[in-house]
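A.B. asks: Here you go, one structure.
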Amino acid sequence: MNRVIILVNPLSGGVGPQAAEEAEAILSVYDLEATVVTLEGAKIPDQIAEALDARPDVLFVLAGDGTARSVATRAGPKGPLIAPLPGGTMNMLPKALYGTGDWKLALRRALEEGAPQAVSGGVIEGEAFYCAAILGAPALWAPAREAMRTGKLKLAWMHGRRALRRAFSGHIRFSLDGGAKRRAEALVLISPMISKAMDEPVGLEAAAMTTSDAAQAFRLAAHALFDDWRHDASVTTQPARRITVWARSKIPAVIDGEPMLLGREASIRFLPRAFMALAPLPPAAEDSV
């Protein structure tokens, strides 16, 4: 590893105005040719393209969750190694790769302990995800939880009321790998990197939630995404490579921590090798080396 580029967006929530200088200071300790690029608003797409075209050995990304996903998606499995550092709000992908929300610690871990590893994931209507996607009414709780986390109580209340109004207005229907149509309150698709139910990247872990009342739905939604809700009697899981989801209205979703609204029908497929990351190997992989 000789040439590295780090893209820094100082305006992202978890970065800060001094991040570029701090990154330069950390990188100066290592025997590397390092370039630090400060991302600037409308120039960001071109700056990302230029960084990828430069073909560095590793492209670090210290920016929001959406920017990190965009860079990883554009790099693909044949692009340079990608190291998405925790600079966003949810930081689901960086935390899964580096086990920390501290970008400086993640940067050092990548440089000192990192090895190339394939990251699998999924793609839904052109949007890639590498950790998890929540489809259905419980996804509406995500904006409320985020507003509460940042202390915006009035906004949290507004989002919470909207979620309650829509939570039981309709179910979603889904099919796994061309199988029979099933109905659920929500469908959660979890990547092999995150899933505790799969030892090999054979597909996405599809977890169907079938709740019976508002209190139960709120309890499940209140748990962290990878908490113990999958052990609940109202949740069933199985691996799948192709998933189709239907609903009578547009489907609310949270993709790697980012809320969005899908159409009334959505198709999802498994990406066994979405991009190559520079990150410490999982303990099981280290033991096999």
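The values are calculated or read from the model by the stated rules, or taken from the named source; none is laboratory data. Keep in mind the model is a prediction, meaning the values are calculated, not measured. Neighbour counts are summed over all protein chains in view; Cβ atoms, including those assigned to glycine, are modelled from backbone coordinates with ideal geometry.
A.B. asks: So Ser212 clears everything in (1) at pLDDT 75 or above; (2) in a loop (DSSP other than H, G, I, E, B) except one condition, right? Which one?
C.D. replies: Result: Ser212 passes all but (1).
A.B. asks: Give me a count of the residues in the range 46-70 that are in a helix (DSSP H, G or I) and at pLDDT 95 or above.
C.D. replies: 8
A.B. asks: So which of Ala137, Ala106, Ala147, Ala133 is assigned by TED's automatic domain parsing to the domain that holds Ile172, of a type in the set (Gly, Ala, Ser), crowded, with 17+ Cβ neighbours inside 10 Å and at pLDDT 85 or above?
C.D. replies: Values: Ala137 fails: at pLDDT 85 or above; Ala106 fails: assigned by TED's automatic domain parsing to the domain that holds Ile172; Ala147 fails: at pLDDT 85 or above.
From the options Ala137, Ala106, Ala147, Ala133, the qualifying one is Ala133.
A.B. asks: Right, next: Filter the range 29-45 down to the residues that are at pLDDT 95 or above and of a type in the set (Gly, Ala, Ser) and list them by number.
C.D. replies: Listed by number, the list holds a single entry, Ala34.
A.B. asks: Which number in (1) more than 30 Å from Val188 (Cα to Cα); (2) surrounded by 20 or more Cβ atoms within 10 Å (Cβ to Cβ); (3) of a type outside the set (A, V, I, L, M, F, W, C) marks the one condition that Thr73 misses?
C.D. replies: Failed condition: (1).
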